[in-house]
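The next block holds one structure in the form of structure tokens; read it before the comments.
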Amino acid sequence: MLEGVRAQLYALARRLRRLERRELDALFRWIEQTGNLLHVSVLVFVPLLIAVVTWLSNVTAAVSFLLFPPLASGTYTLFADPEGKYATPWKFVGGMTVGACCGWFALALTATLGLNAGGISTSGAAFSVLFTGICTWVLDLEEPTAFSTSLLVLVTGNAQFAYVLGIVVSSSFVAVAFVVWRSRFYEQRARYLYGTTGGDDHVLVPMADGDETVARFAASIASAHDAGKVVLFDVIDEATAERDDDSPSADRESDRSVAGHESQTSVDRDGETETTATERVASDVGHRLESLATDLEAAYGVPCEVVVAADGGLSAQIVLETARRQNCDLIVTPYAEDDRGALSSFIRGLFDSEIDVIAFRSSGEQRRWRHSLVAARGAGDTARAMLDFAIRVTETGRTVSVCTCIDTESRRRTAENTLANLVDAFSGPFETHVANASVQAYLSRVAPRYDVVFVGSSTDRSAASRFVSPPTFRKLRDLEADIAIVHRGRHR
């Protein structure tokens, strides 16, 4: 009875941990969206910075409460649109300071001309806005908050100098905090938030089809990180090997081969060891993969390992088990279809896991990929993964192209902003294209210019969406370029 209760408690704890991991993963993927990240930053940093300035106003007379309205709106503008036209320290501090100085000058001018008739000077307000407009135009400081500070200085009484000084001090403090946030976090968000940029170093390549181009593509991805490695994996069908007893006997086993799903490979007869057919076939496959691994290490500078397993044949389950055992976080496999032209059951099985997968369709025997194109539907998790992989395989210094397709011109501005948010998180030369055309027509036209085209697996779409509009890769069988179909693992 007690053991049963304990088992139920353990099962409940495991379910709760899985639920917690799923919720945390969903939260991280949500915050990876640039728009969501900016909203969270506004909710966190704007109140904190205003609280610090409020504390300063309580301990020193240099900071007036009247500067809070323009300071709060200006701080929001900085963090809500860090790449916008107003998001520079010079425009932020300079605009607010120039506005306050213009209001101070207008107040002094109207007093000299005797135009102040008690209360807030109407002529002073007009001159404040006029001078602020002229100065911000000439100095390229068209900052909306400048007009606020120019008008608020009119109600400071005899404390105009303290008000201007408070503007300089408080706006400079906010500007410094903003610059640190933008340079150390926002512009480095790919490093801190995006999964593929810090992972996908260990790449498993199922080699059942013997496509060396797929292995070279995987090596290009892994070699971009210092911790990268490639694991070449193949499976020996024990039943077939035992029937095919004509294979030449191997005199040794590969020292880097690892036999999985252990089976009896030798028997002792009269004190002599006899090698079985399974062992001979495994040795032959191991030697072939060893030769390829040596070539990859020399060409791409990435460590390569060889794993040969004896089982009933290659399956998604054994590939996933080997990937987990070898601590691989990315699988690069040859693209395969079933009789209906859909993804093969093998690739669908790989997609239904927590490990990232690239199904690679080679159109030739490429060794290097100099020109890459990423076809993105948005700026989400899969699009960022595709862009990261494209940067890795593209030769250093060459431009990576990113495109998206729209069906009406009214969506062009939104699409341009989406691509800007996508590439802004990464460093390197990029070019973006927004095409008013179908994905199939556009990629068919431009694909010959590129060595590889990255597309998403569409596994993040609903079943109804995939029924109405089939995945992009099903329309691109005849492209004159290599195709990399990227799937982000379902982390559980």
*Among (1) surrounded by 22 or more Cβ atoms within 10 Å (Cβ to Cβ); (2) in contact with a strand residue (DSSP E or B) (Cβ under 8 Å, 6 or more places away or on another chain); (3) at pLDDT 85 or above; (4) not acidic (Asp, Glu), which single condition is Thr196 missing?*
(3)
*asked:* Which condition from (1) touching a residue at least 24 places away in the same chain (Cβ under 8 Å); (2) surrounded by 17 or more Cβ atoms within 10 Å (Cβ to Cβ); (3) of a type in the set (Ser, Thr, Tyr) is the one that Ser444 breaks?
replied: (2)
*Check on Thr294, assigned by TED's automatic domain parsing to the domain that holds Leu350, surrounded by 20 or more Cβ atoms within 10 Å (Cβ to Cβ) and β-branched (Val, Ile, Thr)*: no
_Among (1) modelled with pLDDT of 85 or more; (2) within 25 Å of Val423 (Cα to Cα), there is one condition Phe185 misses while meeting the rest; what is its number?_
(1)
*Test: residue in the stretch 447-454 that is within 29 Å of Leu38 (Cα to Cα) and either in the same structural domain as Arg384 (by TED's automatic domain parsing) or among the hydrophobic types (A, V, I, L, M, F, W, C) (or both)*: yes
*Given the structure, is Ala383 part of a helix (DSSP H, G or I), within 23 Å of Leu289 (Cα to Cα) and in contact (Cβ under 8 Å) with a residue 60 or more places away in the chain?*
no
*Can you tell me which of Ile347, Ile318 is free of Cβ contacts under 8 Å to residues at least 60 places away in the same chain and part of a helix (DSSP H, G or I)?*
Ile347
*Ala441 passes all but one of (1) at pLDDT below 90; (2) within 19 Å of the chain's Cα centre (by Cα); which number fails?*
(2)
*Restrict the check to the stretch 288-301 and report whether at least one residue is farther than 30 Å from Thr396 by Cα, not acidic (Asp, Glu) and not in a helix (DSSP H, G or I).*
no
*Does the stretch 346-356 contain any residue that is modelled with pLDDT under 90 and closer than 24 Å to Leu37 by Cα?*
no
*asked:* Can you pull out every residue in the stretch 408-431 that is under 20 Å from Arg189 (Cα atoms) and among the polar types (S, T, N, Q)?
replied: Asn417, Thr418, Asn421, Ser427
*Restricting the first residue to the stretch 466-490 and requiring it to be within 20 Å of Glu365 (Cβ to Cβ), which pairs with a second residue that is at pLDDT 70 or above and acidic (Asp, Glu) meet a Cβ separation below 9 Å and a spacing of at least six or different chains?*
Arg477/Glu337; Ala481/Asp451; Asp482/Asp451
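The values are calculated or read from the model by the stated rules, or taken from the named source; none is laboratory data. Nothing here was measured: the structure is a model prediction, and the numbers come from that model. Cβ coordinates were reconstructed from backbone atoms using ideal geometry, including for glycine residues, and neighbour counts include every protein chain displayed.
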